[in-house]
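The values are calculated or read from the model by the stated rules, or taken from the named source; none is laboratory data. Computed from a prediction, not measured in an experiment: that's the story for all the values here. FYI the Cβ positions are ideal-geometry reconstructions off the backbone, even for glycines, and counts take in every protein chain you see.
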Amino acid sequence: MLVDAAGLKQDTPIPDLNPSSLAAMRGVMEAVFYDTRWVTEDALRKIFTDKLAVHDGYTVRSFLANPAREKERLDDRLASIKVPTLVTWGKQDKLLPITSEERYAAEIAGAKMVSFDKCGHVPAIEKTEEFLAAVTAFLGGGAAAH
């Protein structure tokens, strides 16, 4: 199951995922959520504080700047995936465009695609009921319709 998945070459760079201020964190969160009501001052402070507490800035920067990452891309390997695959995406995802969903679904044989309108990078949060219905239908052998 893929949920707004990375792994394909992107035409546009993703925003800086290593914010160094609350203002920068707001920019990241506004890219993540379509519905910016999720981006409250309390949520920003908690997420930013948690991010600082894990001290992962160096790791994130190193990973994103690693030239070997290009070899890990899935672009030329999607056709080799032979398991049932559900590809879900928020239609208004600003981190990873919906064109990635379309590529995953087109190049993985038999993949099922479900898109959520008025939804950003986190459909499990922004469209919980619709997301769970799609996952349940997929896991239960039913067809996820959208």
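Could you list, in sequence order, the residues of the range 70-117 that are without any contact (Cβ under 8 Å) to a residue 24 or more places away in the chain and in a loop (DSSP other than H, G, I, E, B)? Selection gives ASP76, ARG77, VAL83.
Of the residues screened, LEU8 is one that is modelled with pLDDT under 95, under 23 Å from ASP117 (Cβ atoms) and buried (at least 17 other Cβ atoms within 10 Å of the Cβ). Anything in the range 31-69 that is within 17 Å of the chain's Cα centre (by Cα), in contact (Cβ under 8 Å) with a residue 24 or more places away in the chain and assigned to a helix (DSSP H, G or I)? List them, or say none. Residues satisfying the conditions are ALA31, VAL32, TRP38, VAL60, LEU64. Closer than 24 Å to THR128 by Cα and at pLDDT 95 or above: does that describe VAL3? Yes, satisfied.
Given the structure, is THR136 assigned to a helix (DSSP H, G or I) and more than 18 Å from the chain's Cα centre (by Cα)? Considered against the rule, which asks whether it is assigned to a helix (DSSP H, G or I) and more than 18 Å from the chain's Cα centre (by Cα), THR136 comes out as yes.
Looking at ALA145, is it farther than 20 Å from LYS82 by Cα, more than 16 Å from the chain's Cα centre (by Cα) and at pLDDT below 95? Yes.
Which residue is nearest to TYR104 (Cα to Cα), if the candidates are limited to the range 33-78 and must be out of contact with any helix residue (DSSP H, G or I) (no Cβ under 8 Å at 6 or more places or on another chain) and aliphatic (A, V, I, L, M)? Among residues in the range 33-78 that are out of contact with any helix residue (DSSP H, G or I) (no Cβ under 8 Å at 6 or more places or on another chain) and aliphatic (A, V, I, L, M), the one nearest to TYR104 (Cα to Cα) is LEU74. Total residues in the range 118-129 satisfying the condition of being over 14 Å from ARG37 (Cα atoms) and in a helix (DSSP H, G or I): the figure is 4.
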